[in-house]
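What follows is calculated from the coordinates using simple rules that are stated; it is not laboratory data. Remember, predicted model here, so these are calculated numbers, not experimental data. Cβ sites come from the backbone with ideal geometry, for glycine too, and all protein chains shown count toward neighbours.
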Amino acid sequence: MAPRSFYNTHNIQVTQLPENPHLFTTLAPAFNPTTVLLFFRNIQFTNAITLAIYVGLLHLAALLGHIQQPPPMADAGLVYQGLFAWAQESSFWSAVAATVLVFIQALIVNGLADKFRLMEGRNWLPGMAYALTASALPDFQFLSPPLVAATLVAFCIRKIYETYKSPKSAVLVFDITFWISVGSLFYPKAILLVPALFICIGVMRSWNFRDQIAFISGVFVPLFLAWIWYFWHDLGSEFREQQLGKLFELFRFDIAFGAEMILKGSFLVFLLLFFVVNFSAFSRSKSMHAQKCTEVLYWILFTGAAIALMRPEWRWEAFALMTPPAAIFLAMTYQNMRSRFAEMLHLILVGFVVMLQFYHF
């Protein structure tokens, strides 16, 4: 039998087993086991294997061909088109690449939460929550520009946190806008996160003139160097049009509201409203630094959601840009709930994801 501390840690009620033949009938009401979340509530290194299996299972429908790959995004960056054009030609390898990328991103997000103590204890819940969030919609299951850019968003969040009381703030500020500018080479609309990043840095520290120069330089250096390369190959005008010409397109409200649209939209709206309502719960009983970190996540989350609406056609893949902060908030939700309720919420979300993957509307 496991030690009593194990059951106390996971809110499992322990009762003395009576000596009668109806052992399991008596035990069932008192024993409330957790299943999947139990594996991720510790920091054992071997849980990386469990996380890889979890990511693979969430992407199983795409890997088996039960999901049709969406058409290519018209506003993909030229760098993305040059490096990942093959992904649109083979849905299977696109699904494989997305699976591997989501696993790597889950490791990055989990390391981010551990380093800056965003959770009450070190565990694998942020990585698991990211795997679920980045696989929630069938459109997320294939390689796309926003999914690639989400990797750079996670790096930017890490650098923003490092600016807190740092004597090397200018270098970190340059890195923040440098990485988001690199991300915009894959998904140009990622550059629209720059105003939110400016606010986030102001949340973590006071601005000075040197930081402001570094901030502006980080935005322009990758774009300028990329433009020089494309200009050298007589593609300078195409680069400007693709990177800047479609940034501020207005959304056309001509959506066909079917069952799939309603279910996917309801899921995203539910998550956003849930995170808003639980703002005080995410910030309660935390240090000033942790509260600032939480505020940064909110700015990036809702700016990413707003960017997804700044396009003429509706593309669910665009919401992948907000998955890093959404995953951390979901992990906080799991941790703040009792084990049995957290497991119930997790099963409901997984069941919803599986239904969207295998049920054809």
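Working from Cα pairs under 8 Å separated by at least six residues, relative contact order for segment 33-358 is 25 percent. Go ahead and run the numbers for FRET between Trp232 and Thr50, Cβ-Cβ distance against an R0 of 51 Å, rounding to 0.05. Calculated transfer efficiency: 0.60. In units of the rule-of-thumb radius 2.2 N^0.38 Å, segment 173-231 shows an alpha carbon radius of gyration of 1.14. What is the sum of charges, Lys and Arg at +1 and Asp and Glu at -1, for the other residues whose Cβ falls under 13 Å from the Cβ of Ala98? Net charge in that neighbourhood comes out at -2. For segment 290-361, what does the alpha-carbon gyration tensor say about shape, rounded, prolate or oblate, given a ≥ b ≥ c as the root eigenvalues, a/c under 1.5 as rounded, and a/b over b/c as prolate? Taking the square roots of the gyration eigenvalues as a ≥ b ≥ c, segment 290-361 is oblate. Counting beta carbons within 10 Å around each of Val173, Val148, Val219 and listing the fewest first gives the order Val219, Val148, Val173.
If R0 equals 41 Å, the separation of the Cβ atoms of Tyr359 and Asn42 corresponds to a calculated FRET efficiency of about 0.75.
Going by the alpha-carbon gyration tensor, a ≥ b ≥ c the square roots of its eigenvalues, is segment 53-132 rounded (a/c under 1.5) or, if a/c is not under 1.5, prolate (a/b greater than b/c) versus oblate? Here segment 53-132 falls in the oblate category.
The residue among Ala52, Leu107, Leu356 whose Cα reaches farthest toward the positive pole of the charge dipole of the chain, with charges on the beta-carbon of Lys, Arg, Asp and Glu, is Leu107. Just so you know, the averaged projected area of the alpha carbon convex hull for segment 91-215 sits at 8.1 nm². Using only the alpha-carbon atoms of segment 49-90 as identical scatterers, what base-10 log of I(q)/I(0) does the Debye formula give at q = 0.16, 0.18, 0.23 Å⁻¹? For segment 49-90, the Cα-only Debye profile gives -0.60, -0.70, -0.85. In straight-distance terms, cross-link reach from Lys246 covers every one of the lysines whose alpha-carbon lies under 17 Å from its own, apart from those fewer than eight places away in the same chain; here that gives Lys189.
Given charges of +1 on the Cβ of Lys and Arg and -1 on the Cβ of Asp and Glu, with all other atoms neutral, how large is the dipole of the chain about its Cα centre, in debye to the nearest 20?
On the way: 23 positive and 19 negative charges, 253 e Å.
Magnitude of the dipole: close to 1220 debye.
Within straight-line reach of Lys165, meaning a Cα separation under 30 Å, sit the following lysines at least 8 residues removed in sequence or on another chain: Lys115, Lys286, Lys292. Entry note, segment 96-230: relative contact order of 22 percent, from Cα contacts under 8 Å with a spacing of 6+ residues. This ranking places Trp314, Trp179, Trp232, Trp124 by how few other beta-carbon atoms lie within 10 Å of each, fewest first, which gives Trp232, Trp314, Trp179, Trp124.
Rounded if a/c is under 1.5, else prolate if a/b beats b/c, else oblate: with a ≥ b ≥ c from the C-alpha gyration tensor eigenvalues square-rooted, which is segment 33-358? Taking the square roots of the gyration eigenvalues as a ≥ b ≥ c, segment 33-358 is oblate.
Each other residue within a Cβ distance under 15 Å of Val219 adds +1 if Lys or Arg and -1 if Asp or Glu, for a net charge of 0.
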